[in-house]
Amino acid sequence: MTRAGPDLDMNGKLAALLRDFAAIQRSKQKMWGYKRAASAIMALEEPIESFLQPDGTLRKIPNIGPSSSRVIQEVLQTGSSPTIERALAGSGQTGDVERRGDPAGHFLSRAQVLAALRNAKLTGPRLEDYHGDLQMHSTWSDGSQTLEEIIEAGIARGYSFSAVTDHSYGLPVAGGVSMAELTRQHEGIDRLNETHRGTFRLIKGIEANIRKDGSVDMEPGELGRLELVVAAPHSALRIAGDQTARMVAAVTTRGVHILGHPRGRKYGSRPGVAADWEQVFKAARRANVAIEIDGDPSRQDIDYDLARRAVQAGCLFALDSDAHSTGELRYAETAIAHARLAGVPTERIVNCWPLDRLLAWLASRSG
Ligand SMILES: [Zn+2]
């Protein structure tokens, strides 16, 4: 394994190029068409090159329309796209495919995720070492999966546990759950756990918001009612200044178990929180708080590059899907791929622990 990790693959470069092209479209319909094509390429399981047919045309790919297809063919055949270069030049930007994308962001395409899972030279967790997912959203907040569906899908994926971590009431835009709703949700979880005893365990969690001052948007007594607290930043993500103090405050808050999507970045939209991450990781290590690798393809937060520094700091890790539907549970694979590229020891990943060890760790940190 090279220390640098994988370069942006052609899927990643083309997706970035199509996103740039989307950004300069006057027609909303065309803009969405190119964006949809970019997402479809990032989600392909194979390198885009394998879709090229002997006659030079591209095999049909769902959600990639004729004009996106033409651009992809141009780039695969000639290394550049005159169509996009002309358009970008007209808008004052450059169309250099090689320099497209966000190579420093270390976003992986789905094809790269699957390659990292297959790559036997990498150390770190294998799919079969992963026993359960510790961040996801249900119909109780902004997710579309019911608790029953989460259990069924978890069992189908070979898990022995999953944590339901709906948004806290401090985040009304994401349908945050009130404490009264949480009480009802917990009654439901207790009933389901009784039914699946010995097979599957649903963990009562929450995704609390880290305020700008580093405090968490729930009272200490409220945090104590949860088995698992993921604290994650959802605001003040576009300010340029250093936010080390905010993140250190969050990881040293009693009752917090996981620092969720630490940077709060979004692909093609915002780089998120800037901080001295060594300091944050050291504080998390001392507090026994796990650093999350959020596997949502648009987040990939933290990525393998930053994760290597968390490994050096001695941190625990949580690898989570942040799924809002059962179809998104596979995003955990993106997190596992980053952990493999970073060489995170399986022993340090709380999702890879047996359930009783996980529950003991959760109980030791609860308020
Ligand atoms: Zn979140």
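The values are calculated or read from the model by the stated rules, or taken from the named source; none is laboratory data. Keep in mind that this is a model prediction, so the values were computed, not measured. Positions of Cβ are backbone-derived with ideal geometry, glycine not excepted, and every protein chain shown enters the neighbour counts. The area values use the complete protein model at the heavy-atom level, side chains included, leaving out ligands, DNA and RNA. Shrake-Rupley method; radii C 1.70, N 1.55, O 1.52, S 1.80 Å.
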Legend entry - Wholly within the stretch 262-367, helices (runs of 4 or more DSSP H) carrying at least 1 residues that are closer than 22 Å to R126 by Cα: 304-312, 332-342, 355-365
Inset, instruction - Could you list, in sequence order, all residues of the stretch 107-120 that are open to solvent by 10 Å² or more (accessible area, probe 1.4 Å) and closer than 16 Å to T346 by Cβ? - result: L117, N119, A120
Inset, instruction - Kindly check whether there is at least one residue in the stretch 137-156 that is among the aromatic types (F, W, Y), in a loop (DSSP other than H, G, I, E, B) and under 19 Å from the mean Cα position of the chain (by Cα). - result: no
Legend entry - Boolean, A163 is away from the ligand (no atom under 12 Å from the Cβ), open to solvent by 60 Å² or more (accessible area, probe 1.4 Å) and of a type in the set (A, V, I, L, M): no
Legend entry - Neighbours by Cβ (under 8 Å, 6+ apart or cross-chain): first from the stretch 219-234, in the same structural domain as A163 (by TED's automatic domain parsing) and among the charged types (D, E, K, R); second part of a strand (DSSP E or B) and within 15 Å of the ligand (Cβ to nearest atom): E227/A163; E227/G205
Inset, instruction - Please tell me if V177 is within 16 Å of the ligand (Cβ to nearest atom), over 20 Å from the mean Cα position of the chain (by Cα) and of a type in the set (V, I, T). - result: yes
Inset, instruction - Could you please find all residues in the stretch 302-325 being closer than 22 Å to L358 by Cα and touching an Asp or Glu at 6+ places or on another chain (Cβ under 8 Å)? - result: I302, A313, F317, A318, L319, D320, S321, D322, A323
Legend entry - Subset of the stretch 31-72 [open to solvent by 40 Å² or more (accessible area, probe 1.4 Å) and without any contact (Cβ under 8 Å) to a residue 24 or more places away in the chain]: W32, K35, S50, Q53, P54, D55, T57, R59, K60, P62, P66, R70
Inset, instruction - State which residue pairs qualify: first residue closer than 19 Å to E187 by Cβ and inside the stretch 144-172, second residue in a helix (DSSP H, G or I) and modelled with pLDDT under 95 in any location, beta carbons under 8 Å apart, and separation of 6 or more residues or different chains. - result: Y169/M179
Legend entry - Candidate set from the stretch 228-260 (those that are surrounded by fewer than 17 Cβ atoms within 10 Å (Cβ to Cβ) and basic (K, R)); member that is farthest from the ligand (Cβ to nearest atom): R254
Legend entry - Positions within the stretch 215-225 being surrounded by 18 or more Cβ atoms within 10 Å (Cβ to Cβ) and touching a Gly at 6+ places or on another chain (Cβ under 6 Å), in sequence order: D217, L223
